[in-house]
């Protein structure tokens with residue numbers, strides 16, 4: 001990416017909305033596992049929900065094409081959108097720092113409410129914390145953004161390697177060692193998240209999430225006392241890197257829709273050409289190893305960390321290539337992207353109501369493959385409601401609330417977006 005001069009940001013970037021619309025729907029492909037199955041099933045199909053036939057095929061497609069890539073794409077777009085808001089504030093002569101930190105502070109509050117009261121898989125609070133740090137990198141030249149981003153991905157990969165190596169060390173401690181009892185406890189903790197939990201542990205999870213709202217919320221507070229801070233620290237390096245890549249993509253014109261198709265095709269070919277074969281090889285290795293815990297941790301942390309940027313950048317290029325200006329589906333996806341905040345939170349409300357005990361109580365009853373019938377239904381709803389809403393109102397409801405709170409004044413709502 002070559003350096004380009006800064007330009008005044010337009011009010012909206014349709015290309016950014018289209019990619020964001022795909023990302024907000026695509027992230028449900030992974031989150032649905034956390035909504036509907038015990039925790040370890042997210043990383044290990046043998047943990048629960050089925051690991052053969054259609055269930056294995058669903059895991060395979062998601063692992064190769066979507067797992068981590070949609071989160072990466074979301075982070076990529078968050079960085080671009082953050083920079084767009086900062087550019088707009090500076091163009092108006094107001095304090096970019098004040099605008100940015102007010103937005104991040106309220107996003108953190110939304111994230112905490114989402115985390116503690118609705119769903120424990122929140123990413124908003126982490127983005128708010130990391131976005132506060134990323135603000136100070138906005139003035140870097142494009143080349144500097146890319147170089148720093150690559151360096152952060154490399155550092156994150158090394159830090160991730162410590163997790164499976166730590167497990168390997170624990171597993172190597174002999175039974176006659178004084179450290180053995182403590183090692184067994186720590187291995188059991190890893191197993192609850194990445195291995196195949198005992199039937200009793202899965203039964204506890206089923207009882208919890210098929211139970212009352214009060215019990216679920218109490219469990220969230222017990223396990224998330226520090227809010228988004230632990231996850232933000234764990235994924236800080238790569239998330240800032242992805243945000244920097246998004247800022248660079250905005251500066252070079254990619255997310256403004258200014259790149260020629262040949263350049264987008266080249267990026268898509270590079271991204272998928274490197275990422276898909278590498279992920280497929282890792283997936284084949286996991287299947288051969290029958291999803292043993294150490295290979296699973298090695299795969300989801302250090303092995304895939306340097307590959308994710310290739311694939312989510314490939315996705316961004318492919319989406320821009322396939323988006324047909326003025327097309328009916330393109331318009332609906334762009335509307336979904338304009339309401340990404342609302343659609344993300346509404347998805348959590350819908351899915352927790354479907355799966356948890358205070359709603360329909362489907363938790364643990366659907367197989368991994370069957371969960372994707374829910375995904376298709378939610379996608380259809382997002383595409384159906386977003387465009388008609390924006391034909392009548394300027395913002396999605398949660399976008400409006402965030403904007404009103406961050407600006408400290410009531411924002412006009414009525415009128416087409």
What is the number of the single condition among (1) under 26 Å from residue 89 (Cβ atoms); (2) at pLDDT 95 or above; (3) more than 25 Å from the chain's Cα centre (by Cα) that residue 405 does not meet? (3)
So residue 139 ticks every box in (1) surrounded by fewer than 16 Cβ atoms within 10 Å (Cβ to Cβ); (2) in contact (Cβ under 8 Å) with a residue 40 or more places away in the chain; (3) part of a loop (DSSP other than H, G, I, E, B) but one. Which box is left unticked? (2)
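Tell me, yes or no, whether the range 197-212 has at least one residue that is surrounded by 20 or more Cβ atoms within 10 Å (Cβ to Cβ), touching a helix residue (DSSP H, G or I) at 6+ places or on another chain (Cβ under 6 Å) and either closer than 24 Å to residue 63 by Cα or at pLDDT 95 or above (or both).
Pass one, the range 197-212, residues surrounded by 20 or more Cβ atoms within 10 Å (Cβ to Cβ): 197, 202, 205, 209.
Filter once more, keeping what is touching a helix residue (DSSP H, G or I) at 6+ places or on another chain (Cβ under 6 Å): 197.
From the residues that got through so far, the ones that are either closer than 24 Å to residue 63 by Cα or at pLDDT 95 or above (or both) too are 197.
Yes, the range 197-212 has at least one match.
Counting only residues that are in contact (Cβ under 8 Å) with a residue 12 or more places away in the chain and within 23 Å of residue 39 (Cα to Cα), give me the helices (runs of 4 or more DSSP H) lying completely in the range 321-417 with at least 2 of them.
Where helices (runs of 4 or more DSSP H) fall fully within the range 321-417 and carry at least 2 residues being in contact (Cβ under 8 Å) with a residue 12 or more places away in the chain and within 23 Å of residue 39 (Cα to Cα), they are 340-355, 371-392.
Across the range 82-98, what is the number of residues that are within 22 Å of the chain's Cα centre (by Cα) and more than 18 Å from residue 405 (Cα to Cα)? Give the derivation first.
Residues of the range 82-98 within 22 Å of the chain's Cα centre (by Cα): 82-85.
Now drop any that are not more than 18 Å from residue 405 (Cα to Cα), which leaves 83-84.
The number of residues fulfilling the criteria is 2.
Is it true that some residue in the range 151-161 is in contact with a helix residue (DSSP H, G or I) (Cβ under 6 Å, 6 or more places away or on another chain), surrounded by fewer than 18 Cβ atoms within 10 Å (Cβ to Cβ) and touching a residue at least 24 places away in the same chain (Cβ under 8 Å)?
First, pick out the residues of the range 151-161 that are in contact with a helix residue (DSSP H, G or I) (Cβ under 6 Å, 6 or more places away or on another chain): 152-153, 155-157, 160-161.
Narrowing further to those that are surrounded by fewer than 18 Cβ atoms within 10 Å (Cβ to Cβ): 155, 161.
Still in the list and also touching a residue at least 24 places away in the same chain (Cβ under 8 Å): 155, 161.
Scanning the range 151-161 turns up at least one residue that is in contact with a helix residue (DSSP H, G or I) (Cβ under 6 Å, 6 or more places away or on another chain), surrounded by fewer than 18 Cβ atoms within 10 Å (Cβ to Cβ) and touching a residue at least 24 places away in the same chain (Cβ under 8 Å).
Suppose the filter is surrounded by 22 or more Cβ atoms within 10 Å (Cβ to Cβ), outside any helix (DSSP H, G or I) and in contact with a helix residue (DSSP H, G or I) (Cβ under 7 Å, 6 or more places away or on another chain); does residue 79 pass it?
Numbers: surrounded by 22 or more Cβ atoms within 10 Å (Cβ to Cβ): yes; outside any helix (DSSP H, G or I): no; in contact with a helix residue (DSSP H, G or I) (Cβ under 7 Å, 6 or more places away or on another chain): yes.
So residue 79 does not fit the description; no.
Out of curiosity, is residue 163 under 18 Å from the mean Cα position of the chain (by Cα) and over 18 Å from residue 309 (Cα atoms)?
no
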So is residue 360 surrounded by fewer than 19 Cβ atoms within 10 Å (Cβ to Cβ) and under 22 Å from the mean Cα position of the chain (by Cα) or not? no
Would you mind stating whether residue 125 is part of a helix (DSSP H, G or I), touching a residue at least 24 places away in the same chain (Cβ under 8 Å) and within 21 Å of the chain's Cα centre (by Cα)? yes
For the range 166-180, which positions are surrounded by fewer than 15 Cβ atoms within 10 Å (Cβ to Cβ), assigned to a helix (DSSP H, G or I) and free of Cβ contacts under 8 Å to residues at least 60 places away in the same chain? 166, 169, 180
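Which fully enclosed helices (runs of 4 or more DSSP H) of the range 193-260 have 1 or more residues being over 23 Å from the mean Cα position of the chain (by Cα) and farther than 18 Å from residue 104 by Cβ? Let's see the steps before the verdict.
Working: elements: 199-209, 213-223, 229-234, 236-252.
Here the list reads 199-209, 213-223, 236-252.
Mind checking whether some residue in the range 227-236 is over 27 Å from residue 294 (Cα atoms) and modelled with pLDDT of 95 or more?
In the first step, residues of the range 227-236 are kept if they are over 27 Å from residue 294 (Cα atoms); the result is 227.
Still in the running and modelled with pLDDT of 95 or more: 227.
Yes: the range 227-236 contains one or more residues that are over 27 Å from residue 294 (Cα atoms) and modelled with pLDDT of 95 or more.
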Answer with yes or no whether residue 311 is in contact with a helix residue (DSSP H, G or I) (Cβ under 7 Å, 6 or more places away or on another chain), buried (at least 21 other Cβ atoms within 10 Å of the Cβ) and more than 22 Å from residue 64 (Cβ to Cβ). no
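The values are calculated or read from the model by the stated rules, or taken from the named source; none is laboratory data. Keep in mind that what you see is a predicted model, and the values were worked out from it rather than measured. A quick note on method: Cβ atoms are made from the backbone with ideal geometry, for glycine too, and the neighbour counts reach across all protein chains shown.
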